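What follows draws every value from the coordinates through simple rules; no lab data is involved. From a predicted model like this one, the values you see are computed outputs, not experimental measurements. Backbone-built Cβ (ideal geometry, glycine too); neighbour counts: all protein chains shown.
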Amino acid sequence: MKSLRAWAIRLAGLFRTARQEQELAAEMESHLHLHIEDNLRCGMTPEQARRDAILKLGGVEQTKQAYRERGTIPLIENLLRDLRYALRQLAKSPGFTITVTLTLALGIGANTAIFSAVQATLLRTLPYPHADRIISIQDSRLQGQSTGGLVSVPRFFDLQSQNNSFAALALFYFENPTLIAGSRLPESLNGVSASGQFWRVFGAQPLLGRTFSDRDDRKNSPEVAVLSYGAWQRIFGGNPDAIGRQVTIERKATTIIGVMPSGFDYPHGTDIWQPSHFDPADWGKYRGDGTRSMNVFARLKPNVSLQAAQNNLRVISSRLQQDYPATDASWQFSSQSLRDYLSGRFRPALLVLLIASGALLLIACLNVANLLLSRAATRQREIALRRTLGATTRRILSQFFIESLLLTFFGGGVGLLTAMGLVHAIESNLPGGLNTFRAGVDRPVILFALALCILTGIVFGIVPAWHCRTIDLNTSLKQGEPRIAGRSGRRLRGAFLSIQTGLSLVLLVGALLLVQSLWKLTRSPLGFQPEHVLTFQIALPRTADANASRNFYSELQRRIESLPGVTSVGQISALPTHDWHARSNYDIDGRPRTANHDTAAAEDRYISGDILRAIHIPLLAGRELTPRDEELKSPPVLINRQFAHEYFPNENPIGKRLINETGQFEIVGVIGNVRGTAGSIANAISPEVYFPEQGSPRRLFVVRTHIPPEQIVSAIRGQVHQIDPQQAIGKVRTLDDMLNASVIQPRLNTGLVVAFACIALLLACVGIYGVVAYSVAQRTREIGLRMAVGASRGQVAWLFIRQSVISTCFGMAGGLLATFLTIHLLRSLLYGVEPYDLPTILAALLVLFLPSVLATLIPARRAASIDPMQALRAE
Amino acid sequence: MGDKMEVWQGTLALMVLRTLETLGPQHGYGIARRIEQTSGNTLTLNYGTIYPALLKLVQEGSIVAEWGVSENNRKAKFYKLTRTGRKQLEKETKTWEQATEILGRFLSPKGDPA
């Protein structure tokens, strides 16, 4: 209690007032007077009396200082004093302070922004209880093409009955059901059909009502549905009465049983979850490729490790390989943690960005260290003076650190604000998918920025502090020429320059590669024309029979064709940039067949209407498909050029037949390649087979217009409503938008790396300029002397050029080495460019060399134009 | 100087409190003087050291300070014992008496604890 009170008073004592100081002086004064009077009374002379009183007291100033120290907390008081002093120093040279603040703000801001993305995608815990126990199960071919890891339904049931590792196992697939709630118009939703244990796998609890279970998932259970928070708000206005309401989904009466909280958003963007009602008995016989369309996830039993689950999956796979040699022999299950599944594809890009921003920060730090070093040199006399007045090394070092920490906190503050702005800007410009992970400046990010500040403050603060540690008091006080400008300081600065140059080179090479890659990605021919094309999707109920859907779609095709502004209309099962995972394997007529090793593997597409003209794919050989082909049992097909190139390199494919377990298909035509059929337009073009539509209920329409495509949307809605008032259309987009969305990530990566590289180049040049200019200023007298004894202006300029060129060359050599060591990390981000590309590296060297020479020449010219007489007289 | 003793750490506060109890309100010089006299001039006391000790006691609430006028009409800061200070004095006196008694028993020449 007592000491607490004392501490509080001492803390308050940090803010000493002048009055307190006066009072102390008055008390000392009165003390001395009392003592002197006593002494006089004892018979001393006034002089003796005063001397004795002061001696007995132990010195007035010493007593005052002891009193003051007891009055406050010396450590904090010193700190505050250093802080005040540092602030004054920085305010005195605003140019220096602003330069350093901005430089650091760039470095810290870039790193904080990138870290917030890393935090959101790779580090933050997933919003599911014990998320590390959730795995994704994938089915892949031992050789040849797989279907994106998707699992067939029979194999899912095999997993269910044979595993001993999973506490819960679920499949789901995507649908676009049409929902009619009360008197609302039919609307197309993003739906997910899932098996009963889906909710147990993700450990998800509903906000209202309940989720469905295995019982609801049985074949003939009544239809139920769970809404997402967003869909609940949109359709039912957030009314809790929605629970228990009857709605029509896919023409069936369905009960809404639950609403999920807004935090549950898996799969991203889902509006509605429904039981899939799969029954093993319905699937038993058929195990072919066509059914591989299920996403499978599992939650591990509490005592089962990921490794054990892998082993279990391997055992099940080999058992199935033996049980079903005809269909399952070349397939194997594997698993992946949920986090890897969700964010694995972002990892290479984030790693590259993290390295790039780290390099930028290092460059910024070196720049600031160089500036501080120059400043320390000019402050040498001040430090020597403080030393002579009794400042200890510790006090001087702490003064330096406080100054550099203060600078980083300025920089860090501005940087954090920049990062917040940057993250917000990027965030609000991202299309779906990427912003699944809501990046934001949250607590870990702020802590990261803080740690970065302290670290950088120490890193660049330690160098000048170290240099001022041993200052020769005598010479420093006497001489005007600071010592740090001497040999060791110059060498250190040269080393800093080299490192900066080297790091800039790495960034430049990376940026140039990414720019070329983006150029190729977006500028090479796509194989189709995305301009002026509207696309939308219609999903009739899955129960609709082939004839009904054929009638519906041919009627709609006819009506849209006759709309004003429409050039051509076609239908297709999947659009470019969308990976449909519909792959089949074929034998080719007349070629030898090897067991479990099909002759040809290809992506399947189903087309109808005038798709080739609607999307602008050229017919290269043979004929197009006709509406009559759609009614044949074994219809003719088209192949793309890649198929012809891979499997008929020296033959005419027209008339050849493709054979698999579902039939025989004669090739009647070859059409051009289309990029993006296997997902991203960056992926290699794969062989494709185009079938005539065979009455599938779900189709994508492609409408080419000669007016802005957005203008015909309502006319199309009207036509659909006229044919069937219960049907909605969904996913209305232009093909252009789809393409833009698909290249947003490469664009973002490239933009960021290019920005980092430009900033790095700028900083490096500023660094070179600063060092040379400083060196010229420091050596003015020497230059004068050299000129006086006969050095030419060229020789003087060369003195400085040589010094900087040597550092630059060392840096470039080191940078080349670093480039060779790290640039392969870019490989997965590049399209059509090799990472080890000689012209690119040469270009980067040139881009780096020219400005750095310029940054040297300007101050070197100034050195050469010094008037020797003036330089010598200035002393 | 050689046979004089330094003031032990921590005892100065006790001496100050005791002095104030005996003399009543007193200024810093008076307290220092009195401590020296009471010790029979065997203690060397830098008078200056009394001031941080006084400040500490003020901070702890054992004494209070007030400006007043000395007997020979000089302005001086007078220190006065508070209730807390009295209690503290009582407690610390007891502690010291016990400590010296114990030490005395150990150090007495015929201290053979038979």
Residues A:569, A:445 arranged by fewest to most Cβ contacts within 10 Å: A:445, A:569
Go through segment A:649-717 and name the GluC sites (Glu not before Pro) that are in a DSSP coil and have 16 or fewer other Cβ atoms within 10 Å of their Cβ. A:651, A:661
So how many Å³ per residue does the convex hull of the Cα atoms of the protein assembly as shown work out to? 312 Å³
Which of A:232, A:266, A:213, positive extreme of dipole for segment A:213-295 (C-beta unit charges): A:213
Can you give the charge dipole size of segment A:2-72 about its Cα centre, rounded to the nearest 20 debye, using +1 on the beta carbon of Lys and Arg and -1 on the beta carbon of Asp and Glu? 440 debye
What number, in percent, do you get for the relative contact order of chain B if the mean sequence gap of Cα pairs under 8 Å and at least 6 apart is divided by its residue count? 27 percent
Kirkwood-Stokes translational diffusion coefficient of segment A:541-726, alpha-carbon pairs, 4 °C, 1.567 mPa s, µm²/s: 74 µm²/s
What percent does the relative contact order of chain A come to when contacts are Cα pairs within less than 8 Å and at least six residues apart? 15 percent
How compact is segment A:144-329 by the rule of thumb for globular proteins, expressed as Cα Rg over 2.2 N^0.38 Å? 1.11
Taking the dipole about the Cα centre of chain A, with the C-beta of Lys and Arg at +1 and of Asp and Glu at -1, give me whichever of A:685, A:858, A:751 is farthest to the positive side. A:858
Could you tell me the distance between the Cα centroids of segment A:508-568 and segment A:1-75, to the nearest Å? 90 Å
Please give the helix A:153-162 orientation as an angle from the longest Cα principal axis of chain A, in degrees from 0 to 90, rounded to the nearest 10. 70 degrees
Dividing the helical contributions, -39500 (n - 2.57) per DSSP H run of n ≥ 4, by the residues of the protein assembly as shown yields a 222 nm value, nearest 500 deg cm²/dmol, of -17500 deg cm²/dmol
Just to confirm the number: angle between the C-alpha axis of helix B:50-60 and the first principal axis of chain B, 0 to 90 degrees, nearest 10? 90 degrees
Below 13 Å, Cα to Cα, which aspartates and glutamates can residue A:64 reach? Residues fewer than 8 away in the same chain don't count. A:21, A:23, A:27, A:29
Ranking A:453, A:42, A:758 by Cβ neighbours within 10 Å, fewest first, what do you get? A:42, A:758, A:453
Along the dipole axis of the protein assembly as shown (charges at Cβ: +1 for Lys and Arg, -1 for Asp and Glu; origin at the Cα centre), the most positive-end residue among A:634, A:557, A:422 is A:422
Anything over 30 Å Cα to Cα? Flag those among A:56/B:87; A:92/B:56; A:520/A:731; A:56/B:94, in the order listed. A:56/B:87; A:92/B:56; A:56/B:94
With +1 at each Lys and Arg Cβ and -1 at each Asp and Glu Cβ, the charge dipole magnitude of the protein assembly as shown around its Cα centre, to the nearest 20 debye, comes out at 3620 debye
Treating every alpha carbon of segment A:2-72 as one equal point scatterer without solvent, the Debye formula yields log10 I(q)/I(0) values at q = 0.12 Å⁻¹ of -0.43
C-alpha center-to-center spacing [segment A:132-202, segment A:694-747] in angstrom: 26 Å
Which order do A:72, A:456, A:662 fall in if you start with the one that has the fewest other Cβ atoms within 10 Å? A:662, A:72, A:456
Nothing charged except the Cβ atoms of Lys and Arg (+1) and of Asp and Glu (-1): what's the magnitude of the dipole of segment A:66-190 about its Cα centre? Round to the nearest 20 debye. 740 debye
